[in-house]
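Right, one structure below, let's go through it.
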Amino acid sequence: MIRPIIEELIRLFYPVSCLACGSGRQLLCPDCRAGIDLSGMPTCPVCGIPFPHTAGNDHRCAACLRGDHAFDLARSAVLYQGAARQLLRDFKYRRDFSALPLFTRLLRGQLPEWLPAEADIVLPVPLHLKRLRDRGFNQALVLARGLCHARPETIDPFVLVRDRWTVPQTSLHGRERRRNLQNAFQVKHPERVRNKTVLLVDDVMTTGTTANECARVLKKNGAARVLVATLARVP
């Protein structure tokens with residue numbers, strides 16, 4: 001009985017093949033890694049959205065030029081495609097934690113070191129209580145613990161709450177996404193964020209609607225700056 005458990009733990013922490021394709025002897029083989037890499041791509045210096053390599057140097061995107069975002073800065077570790085998309089979906093919907101060491105490595109290695117270091121408080125994007133019960137865990141909180149391992153005391157999952165049920169954002173587009181999240185989030189302890197730099201952590205940024213709504217509520221309650229860190233960004 002004990003031996004299968006030990007073998008499973010060995011496979012979890014010391015995988016003998018690529019988690020995505022099964023080849024090689026690495027957490028992620030070079031081919032799968034190359035398909036999700038953000039390094040070398042020009043990006044928006046504000047929201048972090050990646051541009052095609054033909055777009056030249058880093059420059060502000062149209063949304064940031066218009067000042068559409070309530071958050072001050074956002075960064076993502078990898079692109080949400082290929083292996084990253086597969087592993088993240090397994091993590092969220094199948095409770096497969098085998099890629100968690102890889103996620104942690106990507107968060108710490110690909111995101112700027114100053115991002116968690118500058119934060120006075122770290123807030124995972126919350127789940128509604130019903131979805132939290134169904135899923136069994138909040139993936140944003142798990143990722144926040146991996147990213148902010150050096151300062152775990154800054155993580156507080158009880159300040160920002162999601163007290164209105166909403167349909168999944170993945171099924172919506174544009175204005176529907178914004179309308180779906182209106183008044184969905186609340187700050188339960190405003191004194192914790194007042195005049196502070198807040199780091200908001202989530203798994204994936206698609207249009208930025210969720211991060212934007214969280215940032216808007218946080219600033220309404222006195223936050224000085226809101227930074228956003230996500231593991232992946234939709235191209």
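Between ASN57 and LYS130, residue separation times 0.36 nm minus the direct Cα-Cα distance comes to 21.9 nm. Centre-to-centre, using Cα atoms only, region 106-139 and region 17-68 are separated by 20 Å.
So which chymotrypsin sites (Phe, Trp or Tyr not before Pro) in region 54-150 are both in a DSSP loop and have at most 16 other Cβ atoms within 10 Å of their Cβ?
Details: sites: PHE71, TYR80, PHE91, TYR93, PHE97, PHE103, TRP114, PHE137; in loops: PHE71, TYR80, PHE97, PHE137.
Answer in residue order: PHE97, PHE137.
Which entries in LYS92/LYS220; LYS196/LYS219; LYS92/LYS219; LYS130/LYS188 show an alpha-carbon gap greater than 21 Å? Pairs exceeding 21 Å: LYS92/LYS220; LYS92/LYS219.
Grouping the Cα pair distances of region 54-120 into 10 Å bins from zero gives a pair-distance distribution of 16, 34, 36, 14, 0 percent in increasing distance order.
Bear in mind that the values in this text are calculations on the coordinates, not laboratory data. Quick caveat, the model's predicted, so the values are computed rather than measured. Backbone-built Cβ (ideal geometry, glycine too); neighbour counts: all protein chains shown.
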